[in-house]
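Report on the structure given below.
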Amino acid sequence: MSIPDLASLHALGAAQQPTYPDRARLEGAVTTLRTAPPLVFAGECDDLTAKIAAVARGEAFLLQGGDCAETFAGVTAENVRNKLRVLLQMAVVLTYAAKVPVVKIGRLAGQYAKPRSSDLETRDGVTLPAYRGDAVNGYEFTPESRIPDPQRLVDVYNASAATLNLVRAFTTGGYADLRQVSEWNTDFVRSSPVGQRYEALAGEIQSALDFMAAIGADPVEFHKVDFHSSHEALVLEYEHALTRIDSRTELPYNVSGHMVWIGERTRQLDGAHVEYFSHIRNPIGCKLGPSATADDALALAAKLNPANEPGRLTFITRFGAAKVRDGLPQLVEKVTAEGVQVAWVSDPMHGNTFEASTGYKTRRFDDVLDEIRGFFEVHRALGTVPGGMMVEMTGDDVTEIVGGGEEIDEHGLAHRYESVVDPRLNRVQSLELAFHVAEMLRA
Ligand code: PEP
Ligand code: MN
């Protein structure tokens, strides 16, 4: 099995691609990437497929999180560690509540390219090409910076390699020790006025661990965690150059991340992205927003997972809190009735974005929570599995989302708004969300 070449993918019409002014430099970057070592191994991708199959059966819960858009400047030990720490803290709370393994996936080590609703951006009467992520052009609002530069694709590879190296070290080198992670949660509950609401649950987790320690149980699972990388596979040159034939199976894998997903703006059935994804063997996601019909979902599943292989395909639904209860049931119902194997994951972020009176792009914590609640209600009413959630979050104390126990308001957003694209849950909001979802899982 092979994959179509880049030219034939582009011939299908690929949405959301950069217009590179210098084709020769682009070809140079692609050539460099084609010989770069893999960032992940095919066997690791297969392991994740098996775990997502368990998610679809309701035997595991999926937690996927990270920045909307990573930046090259954000590749620091501190930033990666903080993000990872909060994800692990969330995972402990969810594991305890769900009583099943939590499959942990970072939106990291490759999440550098962004689809945009407009090709252009206007500020103070000046119009320039939109920022499309550090993979494509610079955030700085100058004509030079906004020109797509193919060298950035090579920079994405190097930044992702550095990030993944850190993640692998943190998750196997003792930092992710379960007792330590649980201790951080206890600290959060003790020291933060917001956290105090979750004292009972954190106390239960701690006493479960104390009991394990008292009987002398010390399994290897306490000391290291499985962690996977993911990103939206958007820029065809990058994804294609990092697609390799696995020597074991002779099958193509995208070796730039364990899981890759198709965005809401690039899921055209006859488009280049869906075609490309149909050829790779990684576990894949596909976003489905309120405009997706049940027939769209069925057609996507038929094309992306013709063998109906469990764990291969995840539908990531992003309806918005106001639409999820009306829109999601017909999709889930029909897909289920047709016997289509899929894991259902909620993205409670992208259907809930609005512009604050102060000009910032934001979301309400309560809307995020309400969409997840709606997602659980819909699946429980239909007897299907609410498999997990994908969130935009960071380990830092930023102010990008309004509400939550810290009661950030629209004026407070200015205090520390750092995202270059979409607003993220901050450290406290991420933990709060995990405790709320834990209650839904126990209900
Ligand atoms: C995203 O996940 O950052 C994103 C752009 O989502 P969507 O494709 O669902 O709009
Ligand atoms: Mn986003």
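Under the rule a/c < 1.5 gives rounded, and otherwise a/b versus b/c splits prolate from oblate, where does the chain land using the Cα gyration tensor?
Details: a/c = 1.39, a/b = 1.26, b/c = 1.11.
Rounded, because the longest to shortest axis ratio a/c is under 1.5.
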Of all trypsin sites (Lys or Arg not before Pro) in region 56-99, the ones in DSSP coil with at most 15 other Cβ atoms within 10 Å are R57, K99
Looking at region 231-293, send over the antiparallel percent of its DSSP beta bridges, to the nearest 5.
40 percent
Among D210, D149, D396, which one shows the highest mean-square fluctuation when the chain is modelled as a Gaussian network with alpha-carbon springs under 10 Å?
D210
Please report how far the C-alpha centroid of region 37-112 lies from that of region 216-267, rounded to the nearest whole angstrom.
11 Å
Gaussian network model of the chain, springs between alpha carbon atoms under 10 Å - residue of F141, F188, F319 with greatest fluctuation
F141
Student exercise: in the chain, how many lysine pairs 8 or more apart or on different chains have Cα atoms under 16 Å apart?
8
Ranked highest first by the average count of other Cβ atoms within 10 Å around their residues, in what order do 17-26, 211-220 fall?
17-26, 211-220
Going by average Cβ neighbours within 10 Å, how do the peptides 381-392, 227-238 rank, with the highest at the top?
227-238, 381-392
Highest mean packing first, using Cβ neighbours within 10 angstrom, the peptides 260-267, 414-421 sort as 260-267, 414-421
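Normalised radius of gyration for region 336-424, please: alpha carbon Rg relative to 2.2 N^0.38 Å, two decimal places.
Details: Rg = 15.5 Å, N = 89, 2.2 N^0.38 = 12.1 Å.
Cα-based Rg divided by the globular estimate yields 1.28.
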Run through region 88-180 and list the GluC sites (Glu not before Pro) located in a DSSP loop whose Cβ has at most 13 other Cβ atoms within 10 Å.
E140, E144
What percent antiparallel are the DSSP beta bridges of the chain, to the nearest 5?
25 percent
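Quick note: the coordinates plus some simple rules give every number you see, no bench work behind them. Just so it is clear, the model here is predicted, and its values are computed rather than measured. For neighbour counting, all protein chains shown are included, and Cβ atoms are generated from backbone atoms with ideal geometry for every residue, glycine included.
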